[in-house]
Amino acid sequence: MSVVETKVPAGFVPVYTRPKSLSDKRFTYCPGCHHGIITRLVAEAIDELGIQERTVGVAPVGCAVFLYEFFRCDFAQAAHGRACAVATGIKRANPDLIVFTYQGDGDLAAIGTAETIHAANRGENITVIFVNNQIYGMTGGEMAPTTLPGMRTVTTPEGRDVRTTGYPLRISEMLAQLDGPTYITRQAVFDVRHVQMARKAILKAFRNQLEGKGFSLVEVVAACPTNLRIPPAEGNRWVKEQALKYFPLGDLKVRD
Amino acid sequence: MKVLLRGNEAMAEAAIRAGCRCYFCYPITPQGELVEYMARHLPRHGGVFLQAESEVAAINMVYGAAAAGVRTMTSSSSPGISLKMEGISYLAGARLPAVIVNVMRAGPGLGNIAPAQGDYFQATKGGGHGDYRLIVLAPSTVQEAAELVMLAFDLSDRYRVPAMILADGMLGQMMEPVELPEPIPPGRIPPKPWALTGAKDRAPNVVSSFDLDPYRFREILRALWAVYREIERNEVRWEEYATEDAELVLVAYGTMGRICRTVVRRARKEGLRVGLFRPISLWPFPYAPLRRLAERVPVLLTVELSAGQMWEDVRLAVEGRAKTPFYGELGGVVPTPEEILSEVKKHVRG
Ligand SMILES: Cc1ncc(C[n+]2csc(CCOP(=O)(O)OP(=O)(O)O)c2C)c(N)n1
Ligand code: SF4
Ligand SMILES: [Mg+2]
């Protein structure tokens, strides 16, 4: 894998540098993919809290499967959907560690629904980053439970028909109904303001764990331009104009 | 000092004495007493007891705890073990030590809760996907169950290969006096420099079973299979009973091995030269000792609580050197010593 080299020309001062908790591996995400922004935000939060040396990540199966190569942290690669159970095992075995999962919508809201709901309901003291791009990115753009009505995917070539395939699953709203979780929020990264808000939410989700407050989940409504078959730059507009209709932003549960 | 315990309880206590500090479960008969025992006793030893939402979740919690470097166990019975197979394959691929107890019941499907041995293939030939093996140990008494649980933790740590205890409903439920093994001093558990403990003053550790590059992955699996070959050389375990002059040797494991021991005693009383060969490690299977036996014993009668699963390994070991008839029962029916003896008499003359 190639190494990213940042050459600073003479007389320039770098203000936007690579987070310390990221390795020098180049991300494997496509151009315009929101995973890249979200992965970076997680690294920034780890840096800001100074917890890199005690953080253990759990990588999903999905486009973020190589997360363990991107971070300078200990990492476990979990089976598809099982990240919250794996994180539970790590955290229970060693509560001094800061444990986070990073999962896609197929991973967290389809095959891993049970593991997610029960980890949340137990109030596991872990941090969950949930990247909802309304599609199965890695396997080539199949319908996810979060796919929007009418949205074309390779398994809904005529558009998602809610009569036969159901509606976009709002799992964050479901989790917010439970007594177990501490913090459930939905964010996005389609413009600078929202990136800053998402950054704060991710920071809070990690800080909650540091303070022993229990289960925190940050859903980030994201774009997969590759499988939407739109130019990379169009992803932001897709989220803002289409996805947010079904996935409104904001805190769904905050227990302080 | 001996204490009276059920097989399930003895395995639980042995796990605690082996230093198991994270146990994840989902209830199922006939291993309920193991779960209950852990719920009562493990927290008192500073351990984590967690009832998961499913066997799938439980085995993945085991994956997490094992990755964190802690001795960890899960237990279940046949249908639950099927659900654990995905996680077991991941444990094997990621080289994580863990102990899985299967107190077998009759299948396929929901089957029933009577003792059976129909999960032999699943335990010894893979079960989950991919090129892997588990260390599989089959106790035939409550005492041996306790000892093999301790051994399973040690072997699993030493080789970084998950280990399974293959018991059955009869052994799980049965009460016997047990001399419990001494607790392992924490210092005897080998250090785990690969564990996920936080990347402080060292490069990050990664626990993974994933490599997209076939050539690299081939090397990983070759290294894994070199470990398996080492296990095959070092860890074959079996018991022979009255085989010296035998004309027929019963080959049976677990509960069936125990019943066949009674059969041997009765046969001997009637003047029949019958012995017993009891595999203790089902993987690695005792092929070589069984082959040696087949050089001098004309009949090796395999007896199982299944339609004949270990029987395939017996025939692989014997390779035509002796006759290899089979006698088995299905559906949770356990044959009596008399029934087995009359089967024996079809093959030996008094
Ligand atoms: C048990 C299992 N089933 C299916 C797959 C194939 N698979 C790999 S990634 C994936 C979906 C990923 O989608 P998502 O979680 O939304 O992540 P994204 O790639 O969109 O970030 C699937 C179905 C698998 N690896 N394991
Ligand atoms: S396929 Fe989609 S989700 Fe995956 S990296 Fe490319 S843009 Fe991102
Ligand atoms: Mg997705």
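Rule-based calculations on the coordinates, nothing more; no lab input. This structure is a prediction, so every number in the text was calculated from the model and none was measured. Neighbour counts are summed over all protein chains in view; Cβ atoms, including those assigned to glycine, are modelled from backbone coordinates with ideal geometry.
Overview of results
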{"read-out": "Highest average packing first - A:7-18, B:184-195, Cβ atoms within 10 Å", "value": "B:184-195, A:7-18"}
{"read-out": "Amide H contacts under 5 Å for residue A:103, placed H, 5+ residues apart", "value": "A:129, A:130, A:131"}
{"read-out": "Top positive-direction residue, dipole computed over the protein assembly as shown with Cβ charges, set A:166, A:184, B:126", "value": "A:184"}
{"read-out": "Segment A:109-232, relative contact order [Cα under 8 Å, separation at least 6], %", "value": "33 percent"}
{"read-out": "Peptide-level mean, for A:107-118, of C-beta atoms on other protein chains within 10 Å", "value": "2"}
{"read-out": "Segment B:185-237 - charge dipole about Cα centre, Lys and Arg +1 at Cβ, Asp and Glu -1, debye rounded to 20", "value": "180 debye"}
{"read-out": "Burial order of peptide ranges A:54-60, A:203-209 (average beta-carbon count within 10 Å, highest first)", "value": "A:54-60, A:203-209"}
{"read-out": "On Cα atoms only, tilt of B:55-67 relative to the major axis of chain B in degrees", "value": "60 degrees"}
{"read-out": "Shielding by other protein chains, B:50-58, mean Cβ within 10 Å", "value": "5"}
{"read-out": "Relative contact order of chain B, pairs being alpha-carbon contacts under 8 Å that are 6 or more residues apart, as %", "value": "18 percent"}
{"read-out": "Using alpha-carbon coordinates, inclination of helix B:254-269 to the longest axis of chain B, degrees", "value": "20 degrees"}
{"read-out": "Computed helical MRE - 222 nm, chain B, DSSP H runs ≥ 4 contributing -39500 (n - 2.57), nearest 500", "value": "-12500 deg cm²/dmol"}
{"read-out": "9 Å beta-carbon shell around residue B:117, net charge (K/R +1, D/E -1)", "value": "-3"}
{"read-out": "Shielding by partners - mean other protein chain Cβ count within 10 Å, residues of A:55-62", "value": "4"}
{"read-out": "Nearest-20 debye value, chain B charge dipole, Cβ charges on Lys, Arg, Asp, Glu", "value": "560 debye"}
{"read-out": "Amide H contacts under 5 Å for residue A:56, placed H, 5+ residues apart", "value": "A:98, A:99, A:100"}
{"read-out": "Selection from A:58, A:123, A:76 lying farthest towards where the dipole of segment A:35-254 points positive, charges on Cβ", "value": "A:123"}
{"read-out": "Relative contact order, percent, chain A [alpha-carbon distance under 8 Å, six or more residues apart]", "value": "19 percent"}
{"read-out": "Helix-only [θ]222 nm of chain A, DSSP H runs n ≥ 4, -39500 (n - 2.57) each, per residue, nearest 500", "value": "-8500 deg cm²/dmol"}
{"read-out": "Helix B:7-17 axis, angle to chain B major axis (alpha carbon atoms, nearest 10°)", "value": "40 degrees"}
{"read-out": "Counting DSSP beta bridges with both ends in segment B:195-340, the antiparallel % (nearest 5)", "value": "25 percent"}
{"read-out": "Positive-end extreme of charge dipole, segment B:187-345 - chosen from B:282, B:246, B:220 (charges on Cβ)", "value": "B:220"}
{"read-out": "Environment charge of residue A:223, counting only residues whose C-beta is closer than 13 Å and scoring Lys/Arg +1, Asp/Glu -1", "value": "-1"}
{"read-out": "The protein assembly as shown - charge dipole about Cα centre, Lys and Arg +1 at Cβ, Asp and Glu -1, debye rounded to 20", "value": "680 debye"}
{"read-out": "Highest to lowest packing among A:165-171, B:258-264, A:75-81, scored as the average C-beta count within 10 Å", "value": "A:75-81, B:258-264, A:165-171"}
